[in-house]
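The values are calculated or read from the model by the stated rules, or taken from the named source; none is laboratory data. On a predicted model such as this, the values are computed, not experimentally measured, just so you know. Because the Cβ atoms are built from the backbone with ideal geometry, glycine has one as well, and the counts that use them run over all protein chains shown. Surface areas here come from the heavy atoms of the whole protein model, side chains and all, with no ligands, DNA or RNA. Shrake-Rupley method; radii C 1.70, N 1.55, O 1.52, S 1.80 Å.
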Amino acid sequence: MRVFVASLATETNTFAPLFVDRGAFEEAFYCPPGTHPETPTLCSGPMVAARRRARTDGFALFEGTATWAEPAGLVSQAAYESLRDEILDQLRAAMPVDIVLFGLHGAMVARGYDDCEGDLLAHARAIVGPKAIVGAELDMHCHLTDQMVEAADVIVAFKEFPHTDFLERAEDLVDLCLKAARREIAPESAVFDCRAITGFMTSREPGRSFVDRMKALEGRDGILSISVAHGFQAADVYDVGTKVLVIADGEANRGKAAALAEQLGREILSWGAGGGPYHYKPEEAIEQALAEIGQPVVLADRWDNPGGGVAGDSTVMVEALLRHPEIPAAIGALWDPVAVAFCRAAGVGAEIDLRFGGKAAPTSGKPVDARVVVRGITDDLLVPFEQSWVSLGPAAAVTIGNLDVVLASTRAQTFSPPVFTDLGVDLAAKKIVVVKSSNHFHAAFAPIAHKVHYLDTGGPYPSDTAKIPYTKARRPLAPLDPNPWL
Ligand SMILES: [Zn+2]
């Protein structure tokens, strides 16, 4: 058995004014063949899962490049083509292979390529031929396209949001592809297109028990795998929206897979807006936090989450907290490499006049001008997220009265408390902690939080699904149009 594995991933917010070249991949995460660490980094789960199975099962593993760029705007054509061709050349060199495994995201858009993953999978299929098994792991926030499903034998998406299961799903993928290559199973995919922009969190109901039931349905009655492609609404592409993928064992179970996909898809549609949490406006959120007895209350600035391809430099909540100077609070991490450089040059303990944040988008607030005390600095703010480590680059914490602000040089979301604590910010002493993250913060912050609430600070992410100015999306698409299934 000869297996090839590679990873090429980012999530593209086509509305974001942040552009991605090859350098953005090389700076964020770029591992040429054989250099991938033992720990996976979100979309590179198959690299690690395949290595582990190669050791136990004794197959020959050929590693290609694994790379990731922090979610942002459009990827340049040259960046996508050069990375794709690099991986395809590595695949050609490894031929003949029985299995090709990819760690992808599923929402990567490059200039000239609305479906990068479909393009990559189709090229890989053309190289390995119809008999080899082609498998891919996707982030659930993907655009599941016909081209991807046709080119791959097995697609497995993360089930959990926050994405606590990226390595487990990679293990599922490797396992299914090995069984398929040994002809123990014959994967057949069925897709139900919900024709809607939806999404749910698995840290709360109804998503939690839905995913538990999904898992219980797998591995029995001819059903091999179930994935919900939630979709990624911040992309103007034909396939934007929620889809359910069910993989059955053998042609005979295809009808069952299609029926199950539709049943699950209709269940998601039946939740309507009930699938998501309430979003507090800034003042309302502060009032709510003050009304609660314990602390800290964690407020998630969902629509300024770098993980959604936006800058992460919105000052809307900084301004709101500065209007309440009596509240012990912390906010982070705001992306501002220039302000970080000033703080690091000034040094810990320095009192300086600093301008920070509010530069990347008109909905991100205005830059804040304040006299700050530099509380902590670091050459590299490296924080854990499940089995992976994420770098926020050189960083600083500054204090304005009762408010601590973490500033970072690399755009990355606030995955876990060390974003604050590594810079000397004591979260237990804070009434309010604002994190720049949609929901990935949840697993690590929930244990230290008295309560978690979600914010609507007005952007810059296109959060109002009824008003996103799509030009390419397949219509009808709810909530822009009435849902044809309801
Ligand atoms: Zn995701």
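Descriptive notes on the structure:
- If you go through the stretch 416-461 and keep only what is within 16 Å of the ligand (Cβ to nearest atom) and either surrounded by fewer than 18 Cβ atoms within 10 Å (Cβ to Cβ) or farther than 26 Å from Ser388 by Cβ (or both), you end up with just Ala443.
- Residue pairs whose Cβ atoms lie under 7 Å apart, separated by 6 or more positions or on different chains, with the first residue in the stretch 159-180 and β-branched (Val, Ile, Thr) and the second away from the ligand (no atom under 11 Å from the Cβ), are Thr164/Glu386; Thr164/Ala443; Val174/Pro46; Val174/Ala49; Val174/Ala50; Val174/Arg53; Val174/Leu101.
- Every pair of residues 6+ apart whose Cβ atoms lie under 9 Å, when the first sits in the stretch 125-146 and is within 18 Å of Val237 (Cβ to Cβ) while the second is open to solvent by 30 Å² or more (accessible area, probe 1.4 Å) and of a type in the set (A, V, I, L, M): Leu144/Val191; Asp146/Val191
- Residues that are under 20 Å from Gly357 (Cα atoms) and open to solvent by less than 10 Å² (accessible area, probe 1.4 Å) within the stretch 270-304 comprise Leu299, Ala300, Asp301, Asp304, listed in sequence order.
- All positions within the stretch 381-414 that are in a loop (DSSP other than H, G, I, E, B) and open to solvent by 20 Å² or more (accessible area, probe 1.4 Å): Glu386, Gln387, Pro394, Gly401, Asn402, Ser409, Thr410, Arg411
- Within the stretch 198-237, the set of residues being open to solvent by less than 30 Å² (accessible area, probe 1.4 Å), out of contact with any His (no Cβ under 7 Å at 6 or more places or on another chain) and over 21 Å from Ala300 (Cα atoms) comprises Phe210, Val211, Met214, Gly222, Ile223, Ser225, Ile226, Ser227, Val228, Ala229, Asp236.
- Failed item, numbered, when Val316 is tested on (1) out of contact with any helix residue (DSSP H, G or I) (no Cβ under 7 Å at 6 or more places or on another chain); (2) open to solvent by 10 Å² or more (accessible area, probe 1.4 Å); (3) not aromatic (Phe, Trp, Tyr): (1)
- Whichever residue in the stretch 118-160 is more than 26 Å from Arg182 (Cβ to Cβ) and within 16 Å of the ligand (Cβ to nearest atom) and, among such residues, is surrounded by the most Cβ atoms within 10 Å (Cβ to Cβ): Leu144
- Residue in the stretch 67-76 that is farther than 25 Å from Gly231 by Cα and not aromatic (Phe, Trp, Tyr) present: no
Listed here are the residues, each with its yes/no results for (1) basic (Lys, Arg); (2) out of contact with any Pro (no Cβ under 8 Å at 6 or more places or on another chain).
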{"site": "Val298", "(1), (2)": "no, yes"}
{"site": "Leu321", "(1), (2)": "no, yes"}
{"site": "Arg375", "(1), (2)": "yes, yes"}
{"site": "Pro394", "(1), (2)": "no, no"}
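- Look at the stretch 312-326: where a residue is farther than 11 Å from Pro282 by Cα and a partner is among the acidic types (Asp, Glu) and assigned to a helix (DSSP H, G or I), sitting 6+ places away or on another chain with Cβ atoms under 8 Å, you get Gly312/Asp304; Asp313/Asp304; Ser314/Asp304.
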